[in-house]
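Heads up, the thing below is written out as structure tokens.
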Amino acid sequence: MPPARTGEPLPGACAIWRDGHWWHSSLRVAGWTERLVEQETGQLLRRRTQLLRRGWEPPDPSWLGDAIPHTPCPDCDPANGRRACTCAVDTSTIDSDCGRCGGTGLRPGPSTCHTCLDSHRIHQGLVVTLTDLDHQVVHLNWRAGDAASAPPVGTDPDGTPVVRLPERFRLETHARTLGVRPEDLTEADGGWPVDQHLRQGYVILPATGVEPLAQQLAQAGRGRPAARLIVLAAPPEVATLPQLIRLAHALNLAVDVSVRDNRRHHTADPRPDHDISWYVEITVAAPAQPAQAVDVPSRPTLAGAIAYALDYLPSVLAEATPDDPVQPIATPRAPMSEPIADPEPMLLRLGAHHPGQWVTVRVAPGGCRIDLHEREGARPLSTSTDLAAALTALGGTAA
Ligand SMILES: [Zn+2]
Ligand SMILES: [Zn+2]
């Protein structure tokens, strides 16, 4: 029942649509929070925000199910700021003679707990929503108790067993239902590609006796409030690679397109987690400079990598602006009128020719170069005035 009227002034009221009805409640002051905000001038401002709480809670909705169970994280002790010791990571035994943790398996450390991302919860379920943000949506409610047969499919390179969950626990199955390529699935919050194991249902079992689905849910739900994952099932709407190159040239910038083809690499590993990876960067680098090592998160699609590169275009433009205010800058030009051939098929052939290695093609206003990334650094494969000439110089490699 709503609380009795007290006569005190109230800060507001709210209406909640639930179970086909509007429910109304007063709002009451529940406290204040304070945070410090830094101004551009360096001054600190104290911002106070009033916290409000409903005076009355409407009944739980009829569709509300059981809460998703969770267990405490075994690898951290947040109350005392301790994390799993290196002697205990990825093993089921603790080194009783370890000098760092004294044989307890936990020691002080500033880093984030890898097992729970500092939530101190291991979720036993996961609620996944796939949506194209238009008219299609699928909700999946996975619980650790839905034990499904997950046959072993082999071992990963360090010998840990790998199993595969049934199709209904693979996001790729549901992506195809929505008519979307599995590699186009991205997290709605942050835009990162959905983890490949979650897409394809592969689980690496770190210890015997671990239930495969429980292991997958614990891994996928790490640090997610309410074990909730919202997935955007739609390809990014971005420029094509030729359009991006034309844009960069008009701004006197270069484009580095890197590709790595893992499909024929690690052939002993059962997981086909060896798709094609892409990384695209708009850069101020000159054609003569070798490509930088690709050590950043790559994307499983070229369109996803282009979207990522465009996010950083303002930073590159700032970098391209000289510090000296009297130094002239190049005037942006209209994009070249003649069409550019799409280099993607050639990039795919180059990647397939060097399996497991990054190949970077730089298309710059003053020339083009192709680098192969090796352990010692980038090795130039070809340099030329334009992309077509660089490919011709490579001969049969790219043909
Ligand atoms: Zn230790
Ligand atoms: Zn933890």
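None of the figures in this text is laboratory data; all of them are computed from the coordinates on show. No experiment lies behind these values; they were computed from the predicted model shown. Glycine gets a Cβ as well: all are built from the backbone with ideal geometry, and neighbour counts include every protein chain shown.
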Kindly rank 286-297, 26-37 from highest to lowest mean number of other beta carbons found within 10 Å of each residue. 286-297, 26-37
Residue by residue through the range 234-239, which ³J(HN,Hα) values in whole Hz follow from phi under the Karplus form 6.51 cos²θ - 1.76 cosθ + 1.60 (θ = phi - 60°), with glycine and proline marked x? 7, x, x, 8, 10, 5
Counting only residues 5 or more apart in sequence or on a different chain, those whose built amide H sits under 5 Å from that of GLY154 are VAL162
The chain: C-alpha pair distances exceeding 34 Å, %: 51 percent
Mean Cβ count within 10 Å, highest first, over the residues of peptides 203-210, 177-184, 216-223: 216-223, 177-184, 203-210
Report the full-extension gain for the segment THR208 to ALA226: residue separation times 0.36 nm, less the Cα-Cα distance, to one decimal in nm. 3.7 nm
The range 74-142: relative contact order as a whole-number percent, Cα under 8 Å and 6+ apart: 26 percent
Can you tell me the relative contact order of the chain? Whole percent, Cα pairs under 8 Å, sequence separation 6 or more. 11 percent
Residue by residue through the range 255-262, what is 3J(HN,Hα) from phi via Karplus (6.51 cos²θ - 1.76 cosθ + 1.60, θ = phi - 60°)? Round to whole Hz and write x for glycine and proline. 10, 9, 10, 10, 9, 9, 9, 9
Take ASP118 and ASP146, extend 7 Å from each Cα along the Cα→Cβ direction, and tell me the distance between the two endpoints in nm. 3.2 nm
Distribution output for the range 12-54: share of Cα-Cα pairs per 10 Å bin in percent, first bin at 0, values 25, 28, 22, 17, 7, 0
Given labels modelled 7 Å from the Cα in the Cβ direction, how far is it in nm from GLU57 to THR41? 4.6 nm
Which order do peptides 121-128, 132-139 fall in by mean Cβ count within 10 Å, highest first? 121-128, 132-139
Enter the angle in degrees (range 0 to 90, nearest 10) between the Cα long axis of helix 302-311 and the first principal axis of the Cα atoms of the chain, meaning the one along which they spread out most. 80 degrees
Each label sits 7 Å from Cα toward the beta-carbon; between ARG263 and THR86 the label points are separated, in nm, by 3.9 nm
Per residue, the convex hull enclosing the alpha carbons of the range 60-123 has a volume in Å³ of 103 Å³
I'd like the FRET efficiency for HIS139 and THR49, computed as 1/(1 + (r/R0)^6) with the beta carbon distance as r and R0 of 41 Å, rounded to 0.05. 0.80
